[in-house]
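Engineer: Okay, here's the structure, questions in a sec.
The values are calculated or read from the model by the stated rules, or taken from the named source; none is laboratory data. Computed from a predicted structure; not experimentally measured. With ideal geometry, Cβ positions are generated from the backbone for all residues, glycine too; neighbour counts draw on all protein chains shown. Note: accessible area is taken over every heavy atom of the protein model, side chains too, but ligands, DNA and RNA are not part of it. Shrake-Rupley method; radii C 1.70, N 1.55, O 1.52, S 1.80 Å.
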Amino acid sequence: MKTYIANFRKYRFLLIELVKKGIKLKYRRSYLGILWTLIEPIMTTIVLSIVFGTLFGNPDPTFPVYILTGRLLYSFFSSATNGAMKSIRTNSGMIKKVYVPKYIYPLSSVLFNFIIFAISLIVLIGACIIFKVYPTIYIFGVIIVLALLFLTAFGVGIILATMAVFFRDLEYLWSVALMIIMYASAIFYKVERLMNSGYAFILKLNPVYLLIHNFRQAIYGHPLNMHYLCGSIVFAICVTGVGLFFFYKKQDDFILYI
Amino acid sequence: MAKKEVVKVEHVGMKFNLSQEKVDNLKEYIIKLIKRELSFNEFWALKDVNFTLNKGDRLGILGLNGAGKSTLLKVVSGVLKATEGNVTINGKIAPLLELGAGFDSQYTGRENIYLYGAVLGFSKKFLDEKFDEILEFSELKKFIDVPVKNYSSGMKARLGFSVATLVEPDILILDEVLSVGDAKFRKKSEAKIMSMFDKGVTVLFVSHSLEQVQRLCDKAILLENGRIISSGDIDEVSKIYLEKTK
């Protein structure tokens, strides 16, 4: 354990460098640069609000906030897991030449996406002010939800990273899976009707939805749903444990396949 | 004074799986698993390799193409994990395997110094201090803010060499790197490595130029098909090597 910590300290700077590199290169040569982190969710929320709010006639005046919360969390989950999945292959040049603890790569790509996500939360603050959703004491639930979201994305990410080294087609499978997760996360529809039908389990078994729901609870000033929270905690810990176990077991074979 | 053992390689074997078709998609894998057609064409790139290096030893690794020289260096530097056997290292390794392998082509020279330095395990503070030294040694001051994708291969190698040799390592691993850059830089890099030799660095060196190995090393091993067929003093081993290549 001690050697792990010493090793982590040694490569902490590499982790920071890789995160910086992700952020820098993402917006290099774009005129608006990091502003895109804000503009993009604003634009998609406007489109989704028009389509699902106005056209489908949703009466809730705070519907854009509802959409934005779902969309921001989902898009973090999607880009972080995607990034982590590909991280071993994109960094194969380095892995083949120099010894570096390999978990640094998926971890840095989840971290980098988390920072982008944290910046984009500014948009949510703006939307809350415009649509008069004011924070209450329950807003602190956000911290718990975000910590669990990070852990969940990291756990899923390293499982995918390990598997993607051996099976390239996982990238395509995962994009389909992400689409299913998106539709099952109640990003742009209200859940009441679904909850009262026989299909409620689709939502309740979706770890991303559990997190989105509790995030909305905190934003809208309600206490966290404890059942959902327990589900999220159990899932996050299990998936990270399983992920780390597989990753450590298989990491020495990576180099033979990339 | 008893000499300190710096590198100890015991019964190291490295197995590769050379299946004709590499199964890297799930569908094929499952089909083959069910049909029991998963073929594992084993190939031992290294088998039962043993040697010990004391502080200050300079080992040349000789052998024909495909004898396992580069694999051995990768096992010692920790990039590859040996299938069997043990590698014990005491000290800091500077692997000069392929210079600039950690570079990102969209990054500028300046950014890459920090990135590559981080890959090698240096701290930010250390790199800040040594930044001017790197600039001076690599002679790339004019191009330091240009993306590396616009660099020539010689320029990349120069930058890589300058970063990788920043620290005084205990163990230096060289794989044909003394042939980078133009004649002027080659002289300079050789001088830098020579100065490390004087400080008693332990060296593992791979080169196809026997003359270079004889000049730089005092010990040698000769590999053939992953096994050591001769080891000992550089002159004896190079005699055998010459006979093999006749």
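Engineer: Considering only helices (runs of 4 or more DSSP H) fully contained in the stretch B:132-246, which possess at least 2 residues that are open to solvent by 10 Å² or more (accessible area, probe 1.4 Å), of a type in the set (Val, Ile, Thr) and on the phi > 0 side of the Ramachandran plot?
Structural biologist: Passing ranges: none, list empty.
Engineer: Further, regarding this structure: Conditions: (1) within 11 Å of chain A (Cβ to nearest Cβ); (2) in contact (Cβ under 8 Å) with a residue 12 or more places away in the chain; (3) crowded, with 22+ Cβ neighbours inside 10 Å. B:Ala118 meets all but one. Number of the miss?
Structural biologist: Only one criterion is unmet by B:Ala118, namely (2).
Engineer: Exactly one of these conditions fails for A:Leu15: (1) out of contact with any Leu (no Cβ under 9 Å at 6 or more places or on another chain); (2) surrounded by 12 or more Cβ atoms within 10 Å (Cβ to Cβ); (3) part of a helix (DSSP H, G or I). Give me its number.
Structural biologist: (1)
Engineer: Does the stretch B:229-242 include one or more residues that are touching a Ser or Thr at 6+ places or on another chain (Cβ under 7 Å) and closer than 25 Å to B:Lys192 by Cα?
Structural biologist: No; the residues of the stretch B:229-242 include none that is touching a Ser or Thr at 6+ places or on another chain (Cβ under 7 Å) and closer than 25 Å to B:Lys192 by Cα.
Engineer: List every residue pair whose Cβ atoms sit under 6 Å apart, with the two residues 6 or more apart in sequence or on different chains, where the first one lies in the stretch B:85-99 and is within 9 Å of another protein chain (Cβ to nearest Cβ) and the second, anywhere, is open to solvent by 40 Å² or more (accessible area, probe 1.4 Å).
Structural biologist: Filtered contacts from the stretch B:85-99: no entries.
Engineer: Condition check: part of a loop (DSSP other than H, G, I, E, B), open to solvent by 10 Å² or more (accessible area, probe 1.4 Å) and either within 14 Å of chain B (Cβ to nearest Cβ) or modelled with pLDDT of 90 or more (or both). Does A:Arg29 satisfy that?
Structural biologist: Judged against the criteria, A:Arg29 is a match.
Engineer: Looking only at the stretch A:82-91, how many residues end up being of a type in the set (S, T, N, Q) and either open to solvent by less than 10 Å² (accessible area, probe 1.4 Å) or more than 24 Å from the chain's Cα centre (by Cα) (or both)?
Structural biologist: Just the residues of the stretch A:82-91 that are of a type in the set (S, T, N, Q), to begin with: A:82, A:87, A:90-91.
Those left that are additionally either open to solvent by less than 10 Å² (accessible area, probe 1.4 Å) or more than 24 Å from the chain's Cα centre (by Cα) (or both): A:87.
Residues flagged as of a type in the set (S, T, N, Q) and either open to solvent by less than 10 Å² (accessible area, probe 1.4 Å) or more than 24 Å from the chain's Cα centre (by Cα) (or both) within the stretch A:82-91 amount to 1.
Engineer: While we're here: Among (1) modelled with pLDDT of 95 or more; (2) open to solvent by 70 Å² or more (accessible area, probe 1.4 Å), there is one condition A:His222 misses while meeting the rest; what is its number?
Structural biologist: Going through the list (1) modelled with pLDDT of 95 or more; (2) open to solvent by 70 Å² or more (accessible area, probe 1.4 Å), A:His222 breaks only (1).
Engineer: Might you check whether a residue that is within 24 Å of A:Gly241 (Cβ to Cβ), open to solvent by less than 20 Å² (accessible area, probe 1.4 Å) and out of contact with any Leu (no Cβ under 9 Å at 6 or more places or on another chain) occurs anywhere in the stretch A:131-141?
Structural biologist: Within the stretch A:131-141, not a single residue is within 24 Å of A:Gly241 (Cβ to Cβ), open to solvent by less than 20 Å² (accessible area, probe 1.4 Å) and out of contact with any Leu (no Cβ under 9 Å at 6 or more places or on another chain).
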